[in-house]
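The values are calculated or read from the model by the stated rules, or taken from the named source; none is laboratory data. Note that this is a predicted model, so its numbers are computed, not measured. Because the Cβ atoms are built from the backbone with ideal geometry, glycine has one as well, and the counts that use them run over all protein chains shown.
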Amino acid sequence: MTDGYSEKVMDHFANPRNVGEIKDADGIGKVGNPTCGDVMWIYIKVKDNILEDVKFKTFGCGAAIATSSMITELAKGKTLEEGLKISRGNVAEALDGLPQVKLHCSNLAADGLHAAIKDYLEKTGKKLS
Ligand code: FES
């Protein structure tokens, strides 16, 4: 523990997975936290209804970076329906929790993923069954 952060949070903050932009992304979700001004982009590649690739770019605090990193790992390989079900709480849980004052930071990651999936559905006109 470092100042209330779990080892998993510290690991994902220090070595974030799947950082970067997907140039030919099928869906992009951009979300911001009006309170702190942090911004996150989630990029997805979709094949046969599966989230084949997920990447992120985050200008934000350590918790926002760790949660973005974690959500890319949680979402990869999942169906679009499963991706939409990944909740804010799931992200914090997968990181073994976040300090209470930082819980709002995990909202961005789940909201960003959902926004990227909705963007994909809007662009393609596809509907989930
Ligand atoms: Fe802004 Fe964490 S302080 S997302």
Exercise for the section: Would you be able to say whether some residue in region 6-20 is modelled with pLDDT under 95, surrounded by fewer than 16 Cβ atoms within 10 Å (Cβ to Cβ), more than 16 Å from the ligand (Cβ to nearest atom) and assigned to a loop (DSSP other than H, G, I, E, B)? Expected result: no
Problem - Leading residue by the ranking (farthest from Ile117 (Cα to Cα)) among those in region 28-37 that are at pLDDT 95 or above and touching a Leu at 6+ places or on another chain (Cβ under 7 Å) - result: Val31
Problem - Top-ranked residue of region 23-37 - restricted to ones that are surrounded by 19 or more Cβ atoms within 10 Å (Cβ to Cβ) and assigned to a loop (DSSP other than H, G, I, E, B), ranked as farthest from the ligand (Cβ to nearest atom) - result: Asp26
Handout entry: Boolean, Glu52 is surrounded by fewer than 21 Cβ atoms within 10 Å (Cβ to Cβ) and either in contact with a Pro (Cβ under 6 Å, 6 or more places away or on another chain) or farther than 21 Å from Met10 by Cα (or both)
Key = yes
Handout entry: Filter pass, Ile50 being of a type in the set (A, V, I, L, M) and touching a residue at least 40 places away in the same chain (Cβ under 8 Å)
Key = no
Problem - Residue that is nearest to the ligand (Cβ to nearest atom), among those in region 46-94 that are assigned to a loop (DSSP other than H, G, I, E, B) and out of contact with any Leu (no Cβ under 8 Å at 6 or more places or on another chain) - result: Cys61
Exercise for the section: Could you please find all residues in region 73-83 being surrounded by fewer than 17 Cβ atoms within 10 Å (Cβ to Cβ), within 24 Å of Gly20 (Cβ to Cβ) and touching a residue at least 40 places away in the same chain (Cβ under 8 Å)? Expected result: Glu73
Completion exercise
In region 37-56, anything in contact with a helix residue (DSSP H, G or I) (Cβ under 8 Å, 6 or more places away or on another chain) and under 12 Å from Leu108 (Cα atoms) is listed as Asp38, Met40, Trp41, Ile42, Phe56
Exercise for the section: Quickly run through region 85-103 and pick out the residues that are surrounded by fewer than 17 Cβ atoms within 10 Å (Cβ to Cβ) and not β-branched (Val, Ile, Thr). Expected result: Lys85, Ser87, Gly89, Asn90, Glu93, Asp96, Gly97, Pro99, Gln100, Leu103
Fill in the blank from the handout: Reported set for region 88-106 where residues are of a type in the set (Gly, Ala, Ser), within 14 Å of Ser69 (Cβ to Cβ) and at pLDDT below 95 is Ala92, Ser106
